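A quick write-up on the structure given underneath.
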Amino acid sequence: MADGTKAVVDTSAADGATDEAALAAAIDELAGETAQQSPEAARTGTAPDDEPSPAPSSEETSEITAPLSAAEIRAELAAGGAKAAAAAAAARDAGARPARPPQDPQPTHDPRDTGTLPQTLPAPLRHSGDKIGNRYRLEECISQTETFSSWRAVDEKLRRAVGVHLMASGHQRARRVLAAAKSAALLGDPRFVQVLDAVQEGELVYVVREWLPHASDLAKLLANGPMEPHEAYQMVRQVTDAVAAAHRRGQAHLRLTPRCVLRTDSGQYRINGIAVDAALRGLPADGDAEDAERTDTRAIGALLFAALTHRWPYPEDRYDLQGLPRNLRDVPPDQVRAGVHKGLSELAARALFDHPPHHARPIRTPEELAKAIALMPRIRQPEPELPAFSAPPRHNTHALPTAPNPTRVVAAPGTAPAPNRLAPVRRTRRRLRRAIKVTAWTVALGAIGVASWQLVDSLRHNGTAVAAATPGPSSAAPTVHAATHTPVPIEVKDAISYNPLGDSPESTYLLPKSFDGDPSTTWTTKGYNEQFGTKPPLKAGTGLLVDLGSQQSVSTVNVQFVGNTIAELRIPGPQAAANPAAAQPEAFTVAGKKSGTGAEFTLESPVTTRYLLIWLTSLPKDTDGKFRGYVAEVKVFG
């Protein structure tokens with residue numbers, strides 16, 4: 001039907017047999033097409049077969065659920081075939097068997113046994129404007145399959161946009177979808193799109209998640225061509241770190257596609273649909289951890305391959321990317337497209353293929369992939385090219401256009417000589433040249449005078465002592481060198497999440513990124529529903545405690561943020577000197593306060609300390625509506 005649901009009607013035995021034969025032919029045809037796929041594609045959880053296109057939408061493609069794979073289509077068809085065969089058999093035996101006596105209305109099976117639930121059940125039919133859970137108002141259907149639908153909705157309680165998946169509660173996958181959603185919600189990692197709610201209500205199961213309207217998925221980012229090496233490096237590094245952290249906590253994605261990788265306005269990558277996407281499509285999750293790790297690692301390799309080559313690494317066209325020729329197997333990206341970064345090409349081949357070229361060792365787990373990325377030389381962002389500057393044409397203000405040489409006319413004998421008309425013109429030119437020279441000298445002398453006055457005024461206000469022309473032999477160290485002092489960088493040894501007003505440290509795994517020398521990587525605070533404040537119950541702030549390793553003389557601290565942030569530089573006082581991480585904010589001395597996307601704290605006089613506190617008192621609002629702070633880089637100078 002046009003709305004994506006299945007029409008259920010009574011059929012005769014002949015109609016049932018006809019439907020069964022047609023369904024069997026469809027399954028055989030699909031099996032024949034699948035047999036021609038490459039063995040590499042058959043081993044992956046994201047088999048590169050043709051997929052049904054999602055419903056058109058005006059929203060970002062990052063919010064469109066990825067289409068079904070061949071394995072998922074076969075599962076749906078097989079379930080439908082079993083149902084049709086059972087109906088046909090029941091119709092044939094209806095006349096031969098006597099009518100059954102009425103059965104006990106109470107169920108005689110364990111309701112937790114999902115094997116007794118139907119394998120196919122239409123997605124619940126809903127329309128725009130319907131309310132779910134008396135809270136979520138459906139706005140627009142983003143995608144629709146036979147078993148579930150995905151919507152953009154509005155949380156009327158919190159007045160924010162959310163994403164909602166709908167499924168019939170009687171479906172065999174419903175309990176697994178709820179379990180996957182609840183486990184994803186407990187992950188609590190900001191690098192993943194958060195699951196906000198998972199509820200079974202009557203005949204309906206719905207999963208609510210964050211909605212990122214301003215984020216773009218990887219498929220859209222690759223629409224105009226491959227990524228630059230620096231962008232591809234950032235993508236694979238952030239995605240791998242997030243997936244590796246999830247696997248350490250026992251979570252796997254199992255369906256990581258370009259539609260699931262989203263880039264926000266701040267340049268951070270977030271992953272959508274962990275565990276839930278696979279459960280919605282019935283992909284097996286009861287395999288061992290080794291298979292799950294290999295599936296996610298191979299999927300990351302496919303993402304990097306696509307980012308480097310603008311081609312999908314399997315024969316089929318997927319996600320608006322052209323597939324590779326069927327006879328081209330286990331080929332690294334640098335052999336598909338010229339100019340690909342050599343290190344990233346080798347990394348993609350080792351993660352994607354079980355037998356990488358050049359006898360390289362394959363990478364089978366996200367943890368191994370993260371270590372391999374860490375061992376690579378860091379790929380820096382290229383310097384922006386300055387526009388070509390052409391020097392303006394020189395204008396000689398002293399040279400004036402000259403008239404052509406006049407033709408000398410000889411007067412006839414006996415006639416009076418004609419008056420000389422060129423003399424006034426020559427006198428005018430000489431006056432003009434003299435006036436220009438006087439004006440130029442006047443402007444030059446005036447500029448010198450103004451500059452001298454400004455220099456003297458600056459020296460007077462700064463209190464800089466000018467050394468005497470003939471200093472005495474008992475003079476101490478000259479003060480002139482103080483004005484020519486060059487700041488010396490001080491290495492940051494460690495960073496600590498300072499959160500005395502909260503329950504626990506914030507994003508400890510991201511702390512090294514605040515001083516790694518790469519402004520594109522950040523340490524991130526938690527997401528707060530309310531902005532910081534000075535009155536309870538609002539929290540006054542949170543901070544980053546910088547450890548210099550030993551006592552250092554500090555004169556300047558430079559901090560780069562993402563988004564408009566208000567921060568204070570605080571120095572540990574006597575009460576906080578012994579253990580600054582356990583001290584209260586009042587035990588620190590405020591040395592400066594700045595606001596903006598960057599802050600440079602210049603101390604009036606150098607301070608000797610080991611610890612510096614970057615205390616955040618106002619955070620920017622992120623795309624999910626929460627207030628979240630990002631510290632990109634901290635540099636200290638002595």
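The values are calculated or read from the model by the stated rules, or taken from the named source; none is laboratory data. Quick caveat, the model's predicted, so the values are computed rather than measured. Neighbour counts are summed over all protein chains in view; Cβ atoms, including those assigned to glycine, are modelled from backbone coordinates with ideal geometry. Side chains are part of the model used for accessible areas, which takes the heavy atoms of the whole protein and leaves out ligands, DNA and RNA. Shrake-Rupley method; radii C 1.70, N 1.55, O 1.52, S 1.80 Å.
Remarks
- Some residue of the range 522-538 being open to solvent by less than 20 Å² (accessible area, probe 1.4 Å), in contact (Cβ under 8 Å) with a residue 24 or more places away in the chain, of a type in the set (Ser, Thr, Tyr) and not in a strand (DSSP E or B): yes
- Taking the listed residues ALA219, ALA184, ALA198, ALA242, the one that is touching a Phe, Trp or Tyr at 6+ places or on another chain (Cβ under 9 Å) and part of a strand (DSSP E or B) is ALA198, with no other qualifying.
- Here the range 222-265 is the region considered, the condition is being free of Cβ contacts under 8 Å to residues at least 60 places away in the same chain and farther than 21 Å from GLU368 by Cβ, and the residue that is most open to solvent (accessible area, probe 1.4 Å) is ASN224.
- Among (1) closer than 26 Å to THR524 by Cα; (2) buried (at least 21 other Cβ atoms within 10 Å of the Cβ), the one test that ARG294 misses: (1)
- Search result, residues across the range 610-634 that are part of a strand (DSSP E or B) and surrounded by fewer than 18 Cβ atoms within 10 Å (Cβ to Cβ): ARG610, SER618, LYS621
- Residue ID - most open to solvent (accessible area, probe 1.4 Å), chosen from residues in the range 582-597 that are of a type in the set (Gly, Ala, Ser) and more than 22 Å from PHE561 (Cβ to Cβ): ALA582
- Unmet criterion (only one of (1) open to solvent by less than 80 Å² (accessible area, probe 1.4 Å); (2) more than 14 Å from VAL559 (Cβ to Cβ)) for PRO574: (1)
- Pairs with Cβ under 6 Å, 6+ apart, first in the range 318-329 and of a type in the set (Lys, Arg), second open to solvent by less than 20 Å² (accessible area, probe 1.4 Å) and not in a loop (DSSP other than H, G, I, E, B): ARG318/TRP312
- Any hit, the range 550-567, residues being free of Cβ contacts under 8 Å to residues at least 40 places away in the same chain, more than 15 Å from LEU613 (Cα to Cα) and aliphatic (A, V, I, L, M): no
One line per residue, one yes/no per condition, for (1) at pLDDT 50 or above; (2) open to solvent by 100 Å² or more (accessible area, probe 1.4 Å); (3) not hydrophobic (A, V, I, L, M, F, W, C):
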| site | (1), (2), (3) |
| --- | --- |
| GLU367 | yes, no, yes |
| ALA372 | yes, no, no |
| LEU386 | yes, yes, no |
| PRO393 | yes, no, yes |
| ALA411 | no, no, no |
| ARG430 | yes, yes, yes |
| GLY449 | yes, no, yes |
